[in-house]
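Scroll down for the structure; my scribbles are underneath it.
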């Protein structure tokens with residue numbers, strides 16, 4: 001069994017714009033919305049969270065609110 005480092009658990013997908021960010025660094029409401037949206041593309045909540053954090057690194061205040069308003 002492979003043991004995962006803390007960084008691998010916090011950031012399962014390497015190379016994203018949010019690699020240096022953690023959950024505490026982004027808006028909680030946007031992150032919650034983002035995890036739900038990204039679960040449509042990934043079966044793993046940690047991967048969905050990592051993807052959401054990457055999106056929020058670029059648009060921290062409103063990325064998922066804008067998606068919702070656009071009906072996406």
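Every read-out reported here was derived from the displayed coordinates using simple, explicitly stated rules and does not represent laboratory data. Please read all numbers here as calculations on a predicted model, not as lab measurements. Neighbour counts run over all protein chains shown; Cβ positions are idealised from the backbone, glycine included.
Take each of the peptides 32-44, 51-63, average the number of other beta-carbon atoms within 10 Å over its residues, and list them starting from the highest.
Descending mean neighbour count gives 51-63, 32-44.
Could you check the simple spin-label distance between residue 61 and residue 19, using points 7 Å along Cα→Cβ, in nm with one decimal?
2.8
What translational diffusion coefficient, to the nearest whole µm²/s, does the stretch 21-70 have by Stokes-Einstein, given a Kirkwood radius computed over alpha-carbon pairs, a temperature of 25 °C and 0.890 mPa s viscosity?
Stokes-Einstein gives a translational diffusion coefficient of 235 µm²/s.
Could you work out how much longer the chain between residue 28 and residue 47 gets when fully extended? Use 0.36 nm per residue separation minus the Cα distance between them, nm to one decimal.
5.2 nm
Taking the beta-carbon count within 10 Å as an exposure proxy, list 21, 67 from fewest neighbours to most. Could the numbers behind the result be given before it?
Numbers: 21 18, 67 15.
With the fewest neighbours first, 21, 67 line up as 67, 21.
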